[in-house]
Amino acid sequence: MKKMFLYIMITIFFIACNFITEPKQKSYSGENMFEKIKQDTIKIEFGNQFILYWNCVNSKIIKEKNYYTILENKKNIRSIADFITNQDIVCNFVCNKETALKKGDVAYLFLSENMYIYEFKCLRKQFDVFDLDCSCPRGLLDYIEKNRDLVFQQVMFCLDNGGMDPR
């Protein structure tokens, strides 16, 4: 009887210790998670034509209905490309960039992300170093910032000629 009581007590002790030491994971209800995402997201309007959403925490374009609507028509791609020279500030911090993120940066990233332009073929630059917490290559956004007009000309040429730079 004493042995059985001892086994039960030891079992309860181990179960209690296991329960107490397990880290509690913070759980979000669907509504709370949506609110969190909404707080971290910025709406970017490209004229009166298009809207994209940028997540400032993850430094990514959010793929939703408007994102896919832009991809449906080649004219939309050219219209987005026209915004590469736009320097309106979108977000004060973005991974891998020394200055604030601009609307033109988001336009370029949209085109690059959807393989309408390739950095090496179009810009004649190799950007292949990625940080673990960032989806865009190190140095790319700073290069665009310093050479915005040149990048715009190269992108437009690439869109017209299947991705090749004139040089």
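List of remarks:
- Test for ASP131: is it farther than 19 Å from PHE157 by Cβ and assigned to a helix (DSSP H, G or I): no
- From the options ILE117, ILE89, ILE77, ILE84, residue that is in contact with a helix residue (DSSP H, G or I) (Cβ under 6 Å, 6 or more places away or on another chain) and at pLDDT 90 or above: ILE84
- Looking across region 42-55, the residues that are surrounded by 17 or more Cβ atoms within 10 Å (Cβ to Cβ) and under 17 Å from the mean Cα position of the chain (by Cα) come down to ILE44, LEU52, TYR53, TRP54.
- Residue within region 104-114 that is out of contact with any His (no Cβ under 8 Å at 6 or more places or on another chain), of a type outside the set (Phe, Trp, Tyr) and surrounded by fewer than 17 Cβ atoms within 10 Å (Cβ to Cβ) present: yes
Condition check ((1) surrounded by fewer than 15 Cβ atoms within 10 Å (Cβ to Cβ); (2) hydroxyl-bearing (Ser, Thr, Tyr); (3) within 21 Å of ILE44 (Cβ to Cβ)) across all residues:
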{"residue": "TYR67", "(1), (2), (3)": "no, yes, yes"}
{"residue": "PHE120", "(1), (2), (3)": "yes, no, no"}
{"residue": "CYS136", "(1), (2), (3)": "no, no, yes"}
{"residue": "ASN147", "(1), (2), (3)": "yes, no, no"}
{"residue": "CYS158", "(1), (2), (3)": "no, no, no"}
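- Among the residues examined, PHE93 does not qualify as surrounded by 13 or more Cβ atoms within 10 Å (Cβ to Cβ) and either under 19 Å from ILE42 (Cβ atoms) or not hydrophobic (A, V, I, L, M, F, W, C) (or both).
- In this structure, LEU123 does not satisfy being within 23 Å of TYR67 (Cα to Cα) and at pLDDT below 95.
Each row is one residue, and each column tells you yes or no for (1) in a helix (DSSP H, G or I); (2) polar (S, T, N, Q); (3) more than 17 Å from the chain's Cα centre (by Cα).
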| residue | (1), (2), (3) |
| --- | --- |
| VAL90 | no, no, no |
| PHE93 | no, no, no |
| VAL106 | yes, no, no |
| LEU109 | yes, no, no |
| LYS125 | no, no, yes |
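- Any hit, region 138-145, residues being at pLDDT 90 or above, within 16 Å of PHE83 (Cα to Cα), buried (at least 16 other Cβ atoms within 10 Å of the Cβ) and touching a helix residue (DSSP H, G or I) at 6+ places or on another chain (Cβ under 7 Å): yes
The values are calculated or read from the model by the stated rules, or taken from the named source; none is laboratory data. For clarity, every value in this text was computed on a predicted model and none was experimentally measured. Counting neighbours? That spans all protein chains shown, and the Cβs are built from the backbone with ideal geometry, glycine included.
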